[in-house]
1. Could you give each residue of region 211-221 its phi-based ³J(HN,Hα) in whole Hz, using Karplus coefficients 6.51, -1.76, 1.60 with θ = phi - 60°, and x for Gly or Pro?
2. Could you work out the pair-distance distribution P(r) of the chain from its alpha-carbon pairs, with 20 angstrom bin width and percents rounded to whole numbers?
3. With each run of n ≥ 4 DSSP H residues scored as -39500 (n - 2.57), what mean residue ellipticity at 222 nm is computed for the chain after dividing by its residue count and rounding to the nearest 500 deg cm²/dmol?
4. Please report, in whole Å, how far the alpha carbons of region 68-151 spread along each principal axis, starting with the longest.
5. Could you give each residue of region 142-159 its phi-based ³J(HN,Hα) in whole Hz, using Karplus coefficients 6.51, -1.76, 1.60 with θ = phi - 60°, and x for Gly or Pro?
6. Over the chain, what is the mean sequence separation of C-alpha contacts under 8 Å (at least six apart), divided by residue count, expressed as relative contact order in percent?
7. Tell me, what HN-Hα J-couplings in whole Hz come from the Karplus equation 6.51 cos²θ - 1.76 cosθ + 1.60 at θ = phi - 60° for each residue of region 85-96, using x for Gly and Pro?
8. Taking every DSSP beta bridge that has both residues in region 2-309, what percent is antiparallel when rounded to the nearest 5?
Amino acid sequence: MDSESHSEFSRAEWARLRSSVPMMLSEAEVEALRGANEPTSMVEVEEVFLPLTRLINLHVAASRGLARVTDDFVGRPSWPRPYVVAIAGSVAVGKSTVARLLRALLSRWPDHPKVDLVTTDGFLFPTRELEARGLMARKGFPESYDVKRMIGFLADIRATGRATSPVYSHQAYDILPGEEHVVDRPDILIFEGLNVLQIGAGMERANAPVFTASDFFDISIYIDAAEENIERWYLERFMLLQRTAFQNPASYFHHMAHAPFDEARAFALQLWERINGPNLRDNIEPSRSRADVILHKQADHGVDWLKLRRL
């Protein structure tokens, strides 16, 4: 399906589309944006992400022009609506690093200096609700999200440019009660998460929204990789977190902080086999062909090719 709807570019072909876009980040800034086990290089930023930001910049300008034309046609005041970039893909595939890099790069363009980032983790049901629904073992699956609230957030962004989202703590593994992330008229909103391109499978039919999240996106990006690589990255990240974040007594996974290596790895593998692997195969990967841009990673996390939807 991807080959019918998208044009494929090798990394070298894509890199040439950078044109004259200058490098906007220093080595120290790229280092600060990298994920814990993701060796994103300066060369990769130049060859992959600068061309991508050039494409998005062109789309933002075209989108604003179209919005002004429509506003003039119906006789209403025109205002710069936020341009929404969605980033989808499996757990551990590098979505967060891509989102942070794009946010940093796009904010350096003079046409859209205000770039905000929201993750769908904030729209997970709180732990108490997941437990009440018997969904703790399905966390990250479509039914574990408050889809109604997510759609309401995106609708508010589209209508007014302003909205609030709940805040999720990876340390507590839960929504933080009483805390909200305020989004106030950004030029660009990056919306990142596992489920952003899914069409609502798992929702109760009677309460299904009229819209799906992707109805509010201007461009969508899917981070792709072979499942065996994603599984390996997930296990490597878990073992790194065992030595770092899990050492904090407040961590949800603190009980694994001092477990022997084999026991901790077996625990992580069970999480992959019972939750993250099935979610990737059943829900996340099937949404890949809906993305405008598919960015494929090879075993070392480096991007080797991209696909761009044919308009």
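Each value in this text was obtained by applying a stated rule to the coordinates, not by laboratory testing. Fair warning: this is a prediction, and the values are worked out from it, not measured in the lab. All Cβ positions, even for glycine, are placed from backbone atoms using ideal geometry, and neighbour counts span all protein chains on display.
1. In residue order, the calculated couplings are 9, 10, 4, 5, 5, 9, 8, 8, 8, 10, 10 Hz.
2. Per 20 Å bin, starting at 0, the Cα pair percentages come out as 31, 60, 9, 0.
3. -10000 deg cm²/dmol
4. Largest to smallest, the principal-axis extents are 50, 32, 17 Å.
5. x, 6, 8, 9, 7, 5, 4, 5, 4, 5, x, 4, 5, 5, 5, 4, 5, 7
6. Details: 485 pairs, mean separation 80.2, N = 311.
Result for the chain is 26 percent.
7. After applying 6.51 cos²θ - 1.76 cosθ + 1.60, I find 9, 9, 10, 10, x, 5, 4, 6, 8, x, 4, 5 Hz.
8. 50
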